[in-house]
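Structure first, then comments.
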There are 2 protein chains.
Amino acid sequence: MKELLFSFIESYLPLKEEEKKVILDLDVFEFYKKGTILLNEGKYSNKSYFVLKGCIRAFYTIEGIEKTTEFYTEMEGIVPPSLTLGTASEFSIDCVEDCILSTSNPEMEGAIFERFPRFETLCRVISEELLAKNKSSFDNFKTSTPQQRYENLLTTRPELTQRVPQHQLASYLGITPQSMSRIRKRMSKMKERPNKANLLP
Amino acid sequence: MKELLFSFIESYLPLKEEEKKVILDLDVFEFYKKGTILLNEGKYSNKSYFVLKGCIRAFYTIEGIEKTTEFYTEMEGIVPPSLTLGTASEFSIDCVEDCILSTSNPEMEGAIFERFPRFETLCRVISEELLAKNKSSFDNFKTSTPQQRYENLLTTRPELTQRVPQHQLASYLGITPQSMSRIRKRMSKMKERPNKANLLP
């Protein structure tokens, strides 16, 4: 697992041996079983999560119904907004699969920044990238029809359709499971048509 | 205008006179008339904008129709995702009002970080805050009904309803102008009812 974490960091910044050792000494790896709740809505937490293996999910519970807002898979991470803004969390996080996560907290980061200031540059660059991606995702969501959102998912994160329950996926796309099922049927019919045409003499 | 910019920065970090002088020397203030296009969809740009006075808007043009995704008013700023990700911009930015903006670009920031490393901490903290707020806004959008989105706008950014055209506001909320008009009528009827009850003997 350490190699996965190092290779992610090194895609931004080559690591010195001394830095690798300090990261390992922090004992950042945690293992969780599928179904484990990592954060409960309404709670305060100072933990951020980075997924090395598995899939975690953010969800709200509104009038007794779960609304999934995000999935995080390998090499994706979440700093809960409640941690940054110092508020109680508005959502919960659970493990959709067995997970290996790398965790951190602000104290740990502060100590690292002090010792290796270039890690602060790394965190600034990663934050700016995440902000840009999050803005683009939000814009795409706002400007797309449900079918376009599903097609976009198949292009950008096709593996999700196999890894997470369909009702969670529909909720994540902001549609009902029935609508998602209709979209899938419509799309598979569209796919079949050219094949049939090919069979014509 | 410089006092506005300094007071924003100083809400995070007290500035030394030397730092203030360097910021002023960068000549960051720009004045634009209402209607000016700051960024065109499909173009590359290295400029970020911070609003000192006025209102700017991000919008997509899809099949000839403008879809507004964000408004930025006083003490809010945008680093276009295309700048961070090195791609052509997917959206345009225009001035909804006459504007006074503070602009920056990555070269300018690099030079400042080198001279005053603590500005990098400032930028990291601001990016993390913006990311947290953007995530919360996205989640709220996903988990709210159109009426809840409108009510939320009245709570968090009431001034927008007076400052921007209604069709842009509806688009920003992801609803048609007709739906927004119905929501407003329904809400004003709800407000009237308790008053009528008070008039009963």
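What's the number of the only condition in (1) of a type in the set (A, V, I, L, M, F, W, C); (2) assigned to a helix (DSSP H, G or I); (3) away from chain A (no Cβ under 14 Å) that B:L130 fails to meet?
Failing condition for B:L130: (3).
Inspect the stretch B:180-189 for any residue being touching a Phe, Trp or Tyr at 6+ places or on another chain (Cβ under 6 Å), more than 9 Å from chain A (Cβ to nearest Cβ) and surrounded by 19 or more Cβ atoms within 10 Å (Cβ to Cβ) and give the result as yes or no.
For the stretch B:180-189, residues touching a Phe, Trp or Tyr at 6+ places or on another chain (Cβ under 6 Å), more than 9 Å from chain A (Cβ to nearest Cβ) and surrounded by 19 or more Cβ atoms within 10 Å (Cβ to Cβ): present.
Report yes if B:R149 is within 14 Å of chain A (Cβ to nearest Cβ), assigned to a strand (DSSP E or B) and in contact (Cβ under 8 Å) with a residue 24 or more places away in the chain, otherwise no.
For B:R149, the condition - within 14 Å of chain A (Cβ to nearest Cβ), assigned to a strand (DSSP E or B) and in contact (Cβ under 8 Å) with a residue 24 or more places away in the chain - is not met.
Given the options B:E70, B:E97, name the one that is within 9 Å of another protein chain (Cβ to nearest Cβ) and modelled with pLDDT of 95 or more.
Criteria check complete, one pass: B:E70.
Out of (1) under 28 Å from A:S7 (Cβ atoms); (2) in a helix (DSSP H, G or I); (3) touching a helix residue (DSSP H, G or I) at 6+ places or on another chain (Cβ under 7 Å), what's the single condition that is false for A:S102?
Only one criterion is unmet by A:S102, namely (2).
For (1) more than 10 Å from every other protein chain (Cβ to nearest Cβ); (2) crowded, with 20+ Cβ neighbours inside 10 Å, each residue gets a yes or a no:
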position: B:V79; (1), (2): no, yes
position: B:S82; (1), (2): no, yes
position: B:L85; (1), (2): no, no
position: B:E90; (1), (2): no, no
position: B:S102; (1), (2): yes, yes
position: B:G110; (1), (2): yes, no
position: B:E114; (1), (2): yes, no
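Using the structure shown, decide if B:S48 is touching a helix residue (DSSP H, G or I) at 6+ places or on another chain (Cβ under 7 Å) and surrounded by 16 or more Cβ atoms within 10 Å (Cβ to Cβ).
yes
The values are calculated or read from the model by the stated rules, or taken from the named source; none is laboratory data. Computed from a prediction, not measured in an experiment: that's the story for all the values here. Glycine also receives a Cβ, built like all others from the backbone with ideal geometry; neighbour counts cover every protein chain displayed.
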